[in-house]
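Worksheet: the structure to be examined is printed underneath.
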Amino acid sequence: MEDREPFALSHPPASPGRPLLGLTVLVVEDSAYAAEALRLLSLRSGARIRRADCLKSARHHLQVYRPSVLIADLGLPDGNGLDLIEEAAGRFPRIGVILGLSGDSFGEETAIAAGADGFLAKPIASLARFQSEILTHLPADLSPGGAPDRAEQDIIHPDPLAYRDDMAHVADMLNDGHEEKVLDYVAQFLRGVARSAEDGALAEAASGLARARAQGAPLASPTARLAGLVQQRLRGARPI
C-alpha cells in the first residue's frame with residue numbers, strides 16, 4: 001500500500017515553505033530525542049511521519065505500507081540498520097529515498113554500500129540540510145514540486161524531555177544488569193544520543209566504554225562513569 005496517496009489528495013500543493021508536503025517519512029530510530037528531532041524536521045517540511053524503534057517494527061510497517069522516504073539508524077536494539085537498508089533497496093517497487101542515519105564517522109560509507117541513496121549525520125538539526133538530502137534523491141514521480149526556501153541557520157530544537165526519556169531507558173537497562181551484550185548496546189545507543197544532543201561529556205564516556213570493550217579492558221570503571229553521567233542527566237545536570 002502506498003502511504004502517500006491519501007495524504008497528498010487532502011492537502012494543497014507543496015510550497016517553498018513546505019517542500020515535502022504529500023510525502024510520508026518512516027523513521028527507524030530507537031532514541032526518543034533523535035526521533036523527536038526528525039519528527040519536527042518532517043512536520044516543518046510538510047511531510048507526514050511514522051516511527052519504528054526497532055527492526056521488527058520497521059519490517060512490520062514495510063509489509064503494510066510503502067513510505068516515500070525511509071530513514072534508518074544504523075544501530076538498533078535488535079540488529080543492524082544496514083540490514084534494513086539492504087532489504088529496502090532490493091524491494092520492488094522501491095522506496096523513493098533511503099537514507100542512513102548515524103553519529104559514527106564510518107556511517108555514510110557503510111550506508112551507501114548497503115544501498116542507501118544518502119546519509120544524515122547526527123546531530124540532525126538543520127532544516128535546510130534535512131530537506132536537501134531528501135529532495136536531492138527524490139525520484140521525479142514522487143517530487144511534490146516545492147523548492148525549499150530555508151536558510152542554513154533554521155535550526156530545530158527537540159523537547160529536552162525526550163532526552164530525559166532516553167536517559168531513563170538506559171538507567172533501566174543498567175539496573176537490570178551489566179551483561180556484555182547490554183553494555184555494547186548502551187555504549188552505541190548513548191554515543192548516538194549524546195551526539196544528537198551535543199552532549200560531549202556523555203559521548204566521550206560512551207566511547208570510553210566501547211573502547212574498553214574492544215580492548216578487553218576492565219569494564220567496571222567506564223560503566224560506573226557512564227551510569228553516573230546518566231543519573232546526572234536524569235536530575236537535569238547537563239551542559240546546554
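The values are calculated or read from the model by the stated rules, or taken from the named source; none is laboratory data. Please read these numbers as outputs of a predicted model, since none were measured by experiment. Don't worry about glycine lacking a Cβ; one is built from the backbone with ideal geometry, like all the others, and counts go over all protein chains shown. When the accessible area is computed, the model is the full protein with side chains, heavy atoms only, and any ligands, DNA or RNA have been set aside. Shrake-Rupley method; radii C 1.70, N 1.55, O 1.52, S 1.80 Å.
Worth pointing out:
- Val69 vs. criteria open to solvent by 60 Å² or more (accessible area, probe 1.4 Å) and of a type in the set (Val, Ile, Thr): no
- Of all residues in the stretch 8-21, none satisfies being open to solvent by less than 20 Å² (accessible area, probe 1.4 Å), under 25 Å from Pro160 (Cβ atoms) and not in a helix (DSSP H, G or I).
- Considering the stretch 26-45, the residues that are open to solvent by less than 10 Å² (accessible area, probe 1.4 Å) and farther than 19 Å from His157 by Cβ include one that is nearest to the chain's Cα centre (by Cα), namely Val28.
- The set of residues in the stretch 99-111 being farther than 19 Å from Ala37 by Cβ and in contact with a helix residue (DSSP H, G or I) (Cβ under 9 Å, 6 or more places away or on another chain) consists of Thr110 alone.
- Test: residue in the stretch 117-129 that is in contact with a helix residue (DSSP H, G or I) (Cβ under 7 Å, 6 or more places away or on another chain), open to solvent by 20 Å² or more (accessible area, probe 1.4 Å) and at pLDDT 95 or above: yes
- Search result, residues across the stretch 117-141 that are within 14 Å of the chain's Cα centre (by Cα) and closer than 17 Å to Leu84 by Cβ: Gly118, Phe119, Leu120
- The set of residues in the stretch 76-112 being open to solvent by 40 Å² or more (accessible area, probe 1.4 Å), outside any helix (DSSP H, G or I) and closer than 25 Å to Ala140 by Cα consists of Gly90, Arg91, Phe92, Pro93, Arg94.
- Any hit, the stretch 55-66, residues being buried (at least 24 other Cβ atoms within 10 Å of the Cβ) and on the phi > 0 side of the Ramachandran plot: no
- Some residue of the stretch 61-69 being over 23 Å from Gln188 (Cβ atoms) and of a type in the set (S, T, N, Q): yes
- The residues of the stretch 211-240 that are crowded, with 19+ Cβ neighbours inside 10 Å and of a type in the set (A, V, I, L, M, F, W, C), listed by number, are Leu226, Leu229, Val230.
- Scanning the stretch 114-130 for residues that are assigned to a helix (DSSP H, G or I), aliphatic (A, V, I, L, M) and free of Cβ contacts under 8 Å to residues at least 24 places away in the same chain yields a count of 0.
- Residues in the stretch 35-66 that are over 22 Å from Leu138 (Cβ atoms) and either modelled with pLDDT of 95 or more or in contact with a Leu (Cβ under 9 Å, 6 or more places away or on another chain) (or both): Glu36, Asp53, Cys54, Leu55, Lys56, Ser57, Arg59, His60.
- Arg195 vs. criteria out of contact with any helix residue (DSSP H, G or I) (no Cβ under 7 Å at 6 or more places or on another chain), modelled with pLDDT under 95 and among the charged types (D, E, K, R): no
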